[in-house]
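The values are calculated or read from the model by the stated rules, or taken from the named source; none is laboratory data. Predicted model only: the values in this text are computed from it and were never measured. Neighbour counts are summed over all protein chains in view; Cβ atoms, including those assigned to glycine, are modelled from backbone coordinates with ideal geometry.
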Amino acid sequence: MSRSLLRRMAVWVLSGLLWTAAAQAEPLKIGLIVPLTGPFAAYGQKVEQGIRLFLAEHGDQVAGRELQILVKDDTGISPAVAKRLAQELLVRDRVDLLAGFMLTPNAFAVAPLATQAGVPMLVLNAATSSITEKSPNIVRVSMTLPQNTAPLAQWARAQGVRTVYTLVADYGPGHDAETQFRQTFTELGGEVLGALRTPVSTPDYGPYIQRIKDAAPDAAFFFVPNGEQAVSLVKMARERGLPEAGIRLLATGDVTDEDMLEALGEASLGLITSFHYSAVHDSPENHAFVQAYQAAHPGERVNFMVVAGYDGMQLVRDVLEKTGGDASAPAFIEAARGLSWQSPRGPVRIDSETRDIVQNVYMRRVERVDGLLQNVEFDTIEAVRDPVKAAQ
């Protein structure tokens, strides 16, 4: 038998063994817990769109394992529901990874289960700083509120803003945003004249806005969940004449989410925000991403939650390639530490110490571009870590 034939036979045998191993490898099941009904339904829908877009582009096979997404509806701010769904996914469906968690209370409720079950937990939106401290198995690819808030306070002081009144939703992310803005702003010599905390869902911001107007600060800082609450708040601020009274409007980028810009309408023009993503971010990666999204979802607008789902799958893929398909929590978390890639939002990496994302934060202004309201970036603060953990 010739050496050439022997080599060919060896290649055939090896290829067959590799194919058999891949065929026998267990699918990797990802339990995705997000709101698909209720007031926060758009959160879950957009994240799932990002996940599906990534899989459509890159395939559902990684390191010989098929990626299977099991989607569960937590209905919104429902810690008990999120916990029950996570238990079902872990015990009945035997998922290898938990993902989603659009809202902080739900993430807090599920974190102990991720620890007990020894599975990784991928946070795709919930933004309270301390979430990653609730389990050693958590990795976050979205943001923290302090990460986006500190640069805005710095910018405000640099622009000569001396006094601010803050208004935030009364739950974890709102508390984080308020605390970080106050700390950064006052350390730079600014003064916070007052602080308001509102119900997460409130039908009327009028009395709160009037208190801000009566105090006559140089600027008002807002954080509320994106959606109906943001629309109500921004429109009320305009109707009560805050800009005409010389009060600048500042907010985190959640408030001017692309998905709600048209609903915000003219009231949002000129609003200054700080955030880690804009649909008009100028990079080759984002141009390709937006084009692919619009082809898959004609008439819809891409936003930061689509990016979070997309980047979440990028992290899963990169980690599994490093571990050879091992999704056990120790292997997964170790492979995720320090991982970096070029996202549609810009360069990102996972902090080796905190398991939070490190990313650029952009200063943006709402402007009309080619007939559409857009968050137009005008400054970049590079490689921002969560300032709460960075200070520890």
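Structure values in brief
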{"quantity": "Those residues of the stretch 1-50 which are assigned to a helix (DSSP H, G or I), modelled with pLDDT under 95 and surrounded by 18 or more Cβ atoms within 10 Å (Cβ to Cβ), in sequence order", "calculated": "ALA42, TYR43"}
{"quantity": "Scan of the stretch 316-347 for residues that are aliphatic (A, V, I, L, M) and in a loop (DSSP other than H, G, I, E, B), ordered by number", "calculated": "ALA327, LEU339"}
{"quantity": "Scan of the stretch 349-392 for residues that are of a type in the set (Asp, Glu) and over 16 Å from the mean Cα position of the chain (by Cα), ordered by number", "calculated": "GLU353, GLU367, ASP370, GLU377, ASP379, GLU382"}
{"quantity": "Hey, ARG157 outside the structural domain of PRO330 (by TED's automatic domain parsing), part of a helix (DSSP H, G or I) and farther than 30 Å from LEU98 by Cα or not", "calculated": "yes"}
{"quantity": "Matching residues in the stretch 316-357 - criterion: being of a type in the set (Val, Ile, Thr), under 20 Å from LEU32 (Cβ atoms) and in contact (Cβ under 8 Å) with a residue 40 or more places away in the chain", "calculated": "VAL316, ILE333, ILE350, ILE357"}
{"quantity": "Flag if GLY160 is within 29 Å of LEU233 (Cβ to Cβ), under 22 Å from the mean Cα position of the chain (by Cα) and surrounded by fewer than 24 Cβ atoms within 10 Å (Cβ to Cβ)", "calculated": "no"}
{"quantity": "Qualifying strands (runs of 3 or more DSSP E) (wholly inside the stretch 210-315; at least 1 residues being within 25 Å of PRO35 (Cβ to Cβ), in contact (Cβ under 8 Å) with a residue 24 or more places away in the chain and among the polar types (S, T, N, Q))", "calculated": "248-252, 272-275"}
{"quantity": "Criterion: buried (at least 16 other Cβ atoms within 10 Å of the Cβ), modelled with pLDDT of 95 or more and more than 24 Å from THR144 (Cβ to Cβ) - qualifying residue of LEU122, LEU98, LEU53", "calculated": "LEU53"}
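Okay, residues lined up against (1) modelled with pLDDT of 95 or more; (2) in contact with a helix residue (DSSP H, G or I) (Cβ under 8 Å, 6 or more places away or on another chain); (3) under 25 Å from GLU48 (Cβ atoms):
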| residue | (1), (2), (3) |
| --- | --- |
| PRO298 | yes, no, yes |
| VAL319 | yes, yes, yes |
| GLU334 | yes, no, no |
| ARG337 | yes, no, no |
| ILE350 | yes, yes, yes |
| ASP356 | yes, yes, yes |
